[in-house]
């Protein structure tokens, strides 16, 4: 298969640190980059010798024959503008999450795209932990699941000086980590019907402390008489000022629990990681029943699989990795969370 050619809009923490890295891992090539910052231009030229550097999106689109797909990795508040420009040129594109800063804008992106194919970067669907958990639930090892908990917490009392921390419209953890958390919950446990939320800004102009409680339509707890009492409830945390991050994932069912204690980086280190001291190689979390714990073999997968699927999609050999309609529904849940937090009530979705 010929290497898929990509153009990147943006070469910062997302464009270079995530997309460029995963494209390379998946065997793709970056041929063009929209980047104005002098230092980042040097990085792009060094990372991808021969890549053409552009000052703006319109100039990029004049080189349409050089690439197969555009990756929109610009700040969130620019997604609508950049997606419309790429759609207007008829170029397939990958749009970083969040699809837009609110659900109305997300629907605008889909409408503007029209017949131009695009997908949304929900790479966490291919996270080994997510795949392992889906397998555990699918095998029925936990029995009837009633509660899903996931935390994305870190200890960063001095915030970084970047747009994600400083932009009150496109920044904040609700839009940065919220899409991953909500998408993971809905992929596992289905449609969200109601949302409760608490959102706070402790050290930044926008949210750096987030809690969401989602009511799902499907699944359910079972009472003592064997009656279903409601769908799964997801409790999701994202925080930047958490000196002792909690367990990353805990899923509770009638027959046991699935527990993951380990985070990805040093700033997310959890004191609960001591539970992994005797974890065998190649495992991903535990099935726990009281004091009994059994290591779970890690499912195969990784974030670069998203771009492997993009390559197949562009070649006409498979569907888009993520249906944009899923990202719109996630945006609707995040909108409901803002209303719930502001008004102190449960909001139907």
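With respect to the conditions (1) over 21 Å from residue 129 (Cα atoms); (2) modelled with pLDDT of 95 or more, residue 228 lacks only one, and its number is (2). Any residue that is modelled with pLDDT under 95, surrounded by 23 or more Cβ atoms within 10 Å (Cβ to Cβ), under 26 Å from residue 324 (Cα atoms) and within 18 Å of the chain's Cα centre (by Cα) - is there at least one of those in the stretch 164-171? Yes, some residue in the stretch 164-171 is modelled with pLDDT under 95, surrounded by 23 or more Cβ atoms within 10 Å (Cβ to Cβ), under 26 Å from residue 324 (Cα atoms) and within 18 Å of the chain's Cα centre (by Cα). Yes or no: the stretch 116-138 includes at least one residue that is within 17 Å of residue 331 (Cα to Cα), in contact with a strand residue (DSSP E or B) (Cβ under 9 Å, 6 or more places away or on another chain) and part of a helix (DSSP H, G or I). For the stretch 116-138, residues within 17 Å of residue 331 (Cα to Cα), in contact with a strand residue (DSSP E or B) (Cβ under 9 Å, 6 or more places away or on another chain) and part of a helix (DSSP H, G or I): absent. Within the span defined as the stretch 293-309, one or more residues are free of Cβ contacts under 8 Å to residues at least 24 places away in the same chain and not in a helix (DSSP H, G or I). The residue list 251, 328 contains one member that is at pLDDT 95 or above and touching a strand residue (DSSP E or B) at 6+ places or on another chain (Cβ under 8 Å), which is 251. Residue 149 satisfies every condition listed in (1) within 30 Å of residue 297 (Cα to Cα); (2) assigned to a helix (DSSP H, G or I) except (2).
Each residue in the stretch 74-93 was checked for being part of a loop (DSSP other than H, G, I, E, B) and surrounded by 21 or more Cβ atoms within 10 Å (Cβ to Cβ), and 1 of them qualify. Residues considered: 71, 110, 30. Of these, the only one that is part of a helix (DSSP H, G or I) and either touching a residue at least 12 places away in the same chain (Cβ under 8 Å) or within 27 Å of residue 325 (Cβ to Cβ) (or both) is 110.
If the condition is being assigned to a strand (DSSP E or B) and modelled with pLDDT under 95, then the stretch 199-225 contributes 221, 222.
The single condition among (1) surrounded by fewer than 18 Cβ atoms within 10 Å (Cβ to Cβ); (2) not assigned by TED's automatic domain parsing to the domain that holds residue 244 that residue 161 does not satisfy is (2).
The values are calculated or read from the model by the stated rules, or taken from the named source; none is laboratory data. The structure displayed is predicted, hence computed values, not measured ones. We place every Cβ from the backbone using ideal geometry, glycine too, and count neighbours over all the protein chains shown.
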